[in-house]
Amino acid sequence: MFFPTWWAGPPALVKGFIDRVFLPGWAFSYGKSPLPEKLLKGRAARVVTTMDSPAIWYTLAHRRA
């Protein structure tokens, strides 16, 4: 996934995609344990974000979020 960083987070379109795709029963499930069971074991994803802010602004204003 490639997307820009907007205000120290992903854009709303990416957040909405993640909320609608990685649902309980497909990506994880709740059992008797207080922690969810991982259903996507052995799979990986690469996430690349871009930012058009100077490094000093990112460090001071966002504390390297």
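Throughout, read-outs are computed from the coordinates displayed, never taken from laboratory work. Please read all numbers here as calculations on a predicted model, not as lab measurements. Don't worry about glycine lacking a Cβ; one is built from the backbone with ideal geometry, like all the others, and counts go over all protein chains shown.
Here the extension length gained between residue 28 and residue 51 equals 5.2 nm, from 0.36 nm per residue of separation less the Cα-Cα distance. Dividing the alpha-carbon radius of gyration of the chain by the rule-of-thumb value 2.2 N^0.38 Å gives 1.47.
Mind checking the dipole of the chain: about its Cα centre, +1 per Lys or Arg Cβ, -1 per Asp or Glu Cβ, Debye to the nearest 20? Please list the in-between numbers first.
Details: 9 positive and 3 negative charges, 51 e Å.
That gives a dipole near 240 debye.
Using the Cβ atoms and a cut-off under 14 Å, what net charge is assigned to the surroundings of residue 27, where Lys and Arg are +1 and Asp and Glu are -1? The answer is +2.
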